[in-house]
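In what follows, a single structure is set out as structure tokens and then discussed.
The values are calculated or read from the model by the stated rules, or taken from the named source; none is laboratory data. Model, not experiment: these values are computed from the prediction. Cβ placement follows ideal geometry from the backbone for every residue including glycine, while neighbour counts extend to all protein chains displayed.
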Amino acid sequence: MDRVSTPRGSGPGTVRPGDILELAVGEAVHGGWCVARTGPAGLVVFLRHALPGERVRAVVTQVTASLARADATVILEGSPDRVTPPCRHARPGGCGGCDWQHASLDAQRRMKAGVIAQQLRRIAGIDRPVTVEPLPGDADGLGWRTRVSFAVDATGRAGLRRHRSHEVIGVGSCPIAHPLVNEQAVTGLRWQATRSVDVTASPGSGQAAVVVTGAAVRSENLARIPAGSVLTAARDGRTRARRGTGYLTRRAAGRDWRTGASVFWQVHPGAADALADAVLAALDPQPGQAALDLYCGAGLFAGVLAAAVGPSGRVIGIEADPQAVRDARHNLRGTPWARVHRGDVATVLARTGTGGAALAVLDPPRAGVRREVLDLLSEPDGTVRRICYVSCDPATLARDLAVLCRAGWRLDSVRGFDAFPMTHHVECVAAVTRG
């Protein structure tokens, strides 16, 4: 029988990795964890594979100076929100790709909404209820992920990593991956001298691409991949096509968009449409207005803004990734009043200014927006009056909203979108107006 440890005191020395704890589970927090304590004044424990309100037996996996991490291995009193995970690898010691497969979709969205509200309250001092909306066509939370990065182990097997580990788990067919991704069957091949294999699918066009980093593609693997472009990363870091064009055609906002296989695009098939609609609703662009699209990627938001402001208006996009800039310029050829500058957003803005733009959309990477960018947008004599901030990380969103609010902006709305079912990730769209 497992030894159940009953720690005394509140310091990290009260528990050790491998200890078994009996815990009452508290709220869900950022990162896919639930919080528990070893006693009324005990050590904080971050739990995976548990749900709020449950009582569990958990094995300690890590102890730091301020907290412990643990996996719930026995559910003593279960939550009514608990379901059987659809993937056999969604378990303690298994794949780390999914955090919430053991929760119903409704419960997942409630927890994500709670996490967004927590971050806004704790980091920005903003008390605002949030709802996380499902994306169109998402009935069961499976088969949505159109891009999967597979790690490769020393034997050449492609798989997904164990949670907080470099160990590669052989997952076979991934339940949350889009069928076009699974059809490439890269987990059934051997990838010698390879660091990673990225598979990207475009459901709108039926295309798929496989990007191999670290080695040339073996001819037998090339022959066995059924569709799309097979690419390999050359030694200079550039990606060259071995078969096909190296580009995918995406469908969103009523038109087609071109992207390189390695260029960022929303991974959920319904996300690009939903977020484009949310940006337009937040900014309400009018004919003749000028707008900024910062971190513009392949030009999705710049394109929908250009259509809204028309030839009498102007859209300026800024993007650092050279391949994304090429795609954005290609995608905006039909709207010459939309232009894209290549470079770091803060550097370009400092050099060019905001160009008289009244509107701005920010869609930064997970690390959020650099302080210099927020300061440039908030200059007292600046022209930008309304900002729509698209974020995949509630913590950095809250941090940046705090900066904007201190600079005189007013938070008008925050919307959440369940663009990453079964995981802790969530997409947010916030709108602020200059006060």
Look at segment 354-368 and say how many of its residues are at pLDDT 95 or above and closer than 18 Å to Arg385 by Cα. 9
Single match in Gly159, Gly97, Gly137, Gly143 (criterion: among the small types (Gly, Ala, Ser) and touching a Leu at 6+ places or on another chain (Cβ under 8 Å)): Gly97
Consider Val148 carefully, then state whether it is over 17 Å from Glu427 (Cβ atoms) and touching a strand residue (DSSP E or B) at 6+ places or on another chain (Cβ under 9 Å). yes
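Rundown of residues vs (1) assigned to a loop (DSSP other than H, G, I, E, B); (2) closer than 24 Å to Gln62 by Cα; (3) without any contact (Cβ under 8 Å) to a residue 40 or more places away in the chain; (4) not aromatic (Phe, Trp, Tyr), yes/no style:
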residue	(1), (2), (3), (4)
Thr84	yes, no, yes, yes
Arg91	yes, yes, no, yes
Gly97	yes, yes, no, yes
Trp100	yes, yes, no, no
Ala107	no, no, no, yes
Gly114	no, no, no, yes
Gln118	no, no, no, yes
Arg122	no, no, no, yes
Pro129	yes, no, yes, yes
Among (1) among the hydrophobic types (A, V, I, L, M, F, W, C); (2) in contact with a strand residue (DSSP E or B) (Cβ under 8 Å, 6 or more places away or on another chain); (3) surrounded by 19 or more Cβ atoms within 10 Å (Cβ to Cβ); (4) closer than 24 Å to Ala395 by Cβ, which single condition is Leu67 missing? (3)
Which listed residue, of Arg161, Arg147, is closer than 18 Å to Gly260 by Cβ, touching a residue at least 60 places away in the same chain (Cβ under 8 Å) and surrounded by 17 or more Cβ atoms within 10 Å (Cβ to Cβ): Arg147
Quickly run through segment 195-224 and pick out the residues that are surrounded by 15 or more Cβ atoms within 10 Å (Cβ to Cβ), charged (D, E, K, R) and either under 26 Å from the mean Cα position of the chain (by Cα) or at pLDDT 85 or above (or both). Asp198
State whether the residues of segment 185-192 include one that is under 16 Å from Gly97 (Cα atoms) and buried (at least 18 other Cβ atoms within 10 Å of the Cβ). yes
If you go through Arg415, Arg371, Arg339, the only one that is buried (at least 18 other Cβ atoms within 10 Å of the Cβ) and either in contact with a strand residue (DSSP E or B) (Cβ under 9 Å, 6 or more places away or on another chain) or at negative phi (or both) is Arg415
Could you tell me whether Ala227 is assigned to a loop (DSSP other than H, G, I, E, B) and modelled with pLDDT under 95? yes
Going residue by residue through segment 177-186, is there one that turns out to be more than 30 Å from Leu411 (Cα to Cα) and free of Cβ contacts under 8 Å to residues at least 12 places away in the same chain? yes
Please count how many residues of segment 275-315 are part of a helix (DSSP H, G or I) and either aromatic (Phe, Trp, Tyr) or more than 25 Å from the chain's Cα centre (by Cα) (or both). 5
List every residue pair whose Cβ atoms sit under 7 Å apart, with the two residues 6 or more apart in sequence or on different chains, where the first one lies in segment 212-235 and is assigned by TED's automatic domain parsing to the domain that holds Ala193 and closer than 12 Å to Gly246 by Cα and the second, anywhere, is surrounded by fewer than 18 Cβ atoms within 10 Å (Cβ to Cβ) and modelled with pLDDT under 70. Thr232/Ala216
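Based on what the data block shows, is Leu377 modelled with pLDDT of 95 or more, touching a Leu at 6+ places or on another chain (Cβ under 7 Å) and hydrophobic (A, V, I, L, M, F, W, C)? Write out each step before concluding.
Details: modelled with pLDDT of 95 or more: yes; touching a Leu at 6+ places or on another chain (Cβ under 7 Å): no; hydrophobic (A, V, I, L, M, F, W, C): yes.
No, not satisfied.
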Of those in segment 26-64 that are charged (D, E, K, R) and surrounded by fewer than 20 Cβ atoms within 10 Å (Cβ to Cβ), the residue farthest from Val83 (Cα to Cα) is Arg37
Being more than 27 Å from the chain's Cα centre (by Cα) and not in a strand (DSSP E or B) is the filter here, so list the residues in segment 54-71 that pass it. Glu54, Ala65, Ser66
